1. If I take every Cα pair under 8 Å that is 6 or more residues apart in region 128-228, average their sequence separation and divide by the length, what percent do I get for the relative contact order?
2. Measure off 7 Å from each Cα along the Cα-to-Cβ vector at residue 261 and residue 168, then give the distance between these two points in nanometres to one decimal.
3. Just how far, in whole angstrom, is region 159-173 from region 62-96 if you go by their alpha carbon centroids?
4. Where in region 45-76 does the amide nitrogen come within less than 12 Å of the point 7 Å from the Cα of residue 253, taken along Cα to Cβ?
5. When the label point is put 7 Å from the Cα of residue 268 along its Cα-to-beta-carbon vector, which residues of region 127-146 have a backbone N closer than 20 Å?
6. Would region 89-150 count as rounded, prolate or oblate if I go by the C-alpha gyration tensor, calling it rounded below 1.5 in a/c and otherwise prolate when a/b exceeds b/c, oblate otherwise?
7. Quick check for you: which residues of region 162-186 have the amide N under 14 Å from the point 7 Å beyond the Cα of residue 116 toward its beta carbon?
8. For Rg and Dmax of the Cα atoms in Å, pick the label among [x] 17.3, 48; [y] 17.7, 55; [z] 22.1, 83 that corresponds to the value derived from the coordinates.
C-alpha cells in the first residue's frame with residue numbers, strides 16, 4: 001500500500017511539473033520567426049479593445065485590425081489567434097517573451113519604440129488629439145485651441161503611451177510645463193469617457209478613435225491636435241526578421257487591393 005502511495009505521489013508530482021514547465025516556457029519563451037510559426041501552425045497576434053481597431057458591434061466582432069487580420073488569415077497557411085491586452089507595456093513584453101508574434105495596435109511609430117521593436121510597413125496614418133469638453137458641457141468655458149494654453153495643464157494618457165513623447169516635445173516647444181498623468185488601468189478611449197463624465201479635464205487620444213467615440217459622447221471635443229500626422233504600423237520582435245519581411249510583402253500587396261481600400265474607408 002505504501003509503495004502504491006509513493007508511486008501515485010510521484011505521478012502527481014511529474015504531472016504538476018509538466019504543467020508548470022509548459023506555463024513557464026509559454027511565459028518566458030523566446031520569440032518565434034516565420035519558419036517556426038509555420039511549423040507550429042498558429043500565429044499569435046495581440047491587440048487592444050477600442051472603437052477603431054477591435055470592438056464588438058451587436059453580436060459581431062469588427063474593427064480595422066480585426067478585418068485586416070481576417071484578410072491576412074485568408075492568405076497564410078496558419079491559424080491565427082488574437083489576444084486582447086489593454087497595456088502597451090504588457091503587449092511589448094509579450095513580444096519579447098514569445099507570448100505573441102505580432103502586435104497590431106493603433107500606436108504611432110516612434111524612434112523610442114524602434115529601439116526595441118521591428119515595425120512593418122505603414123498600415124494607416126493618424127494624429128494625436130486633445131480630448132476636452134465642449135463649451136456647453138463645461139460651464140460655458142471654451143475649449144483650448146492654442147498649444148500655449150496647455151501650459152500647467154494635466155493631460156491624462158494610458159500608461160507608456162507613445163503620446164507621452166509628443167507631449168514632452170510640445171512642452172519644450174511652448175517653453176512651459178505640461179503635466180502628464182499616466183493611467184495604468186484605462187486605455188485612451190476610457191480616458192475620453194472620463195473626460196465626458198467630468199472625472200478629469202483633459203486626455204490624449206488618437207484622432208480616428210476620438211472621432212468614433214464622439215459619435216456616442218456628444219460632450220467631448222477633439223478638434224485640437226497636439227501632433228503631426230504619424231505612421232501607424234504593426235510590430236514584431238527584433239528576433240523575428242523573416243516574419244517582418246513576410247509581413248511587409250503581404251502589407252505592400254494588400255494595400256494595392258480593393259479589399260484594403262474598402263476596409264480603410266469603412267473605419268477611417
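What follows is calculated from the coordinates using simple rules that are stated; it is not laboratory data. Every value quoted in this text rests on a predicted model; they were computed, and no experiment measured them. Please note: Cβ atoms are built from the backbone with ideal geometry, for glycine as well, and neighbour counts cover all protein chains shown.
1. Values: 176 pairs, mean separation 45.1, N = 101.
After rounding, I find 45 percent.
2. Result: 4.2 nm between the two label points.
3. So the two Cα centres are separated by 27 Å.
4. Within reach of a label on residue 253: 72-76.
5. Answer for this model: 127-130.
6. Verdict is prolate for region 89-150.
7. 162-165
8. After the calculation, the listed value that fits is [z].
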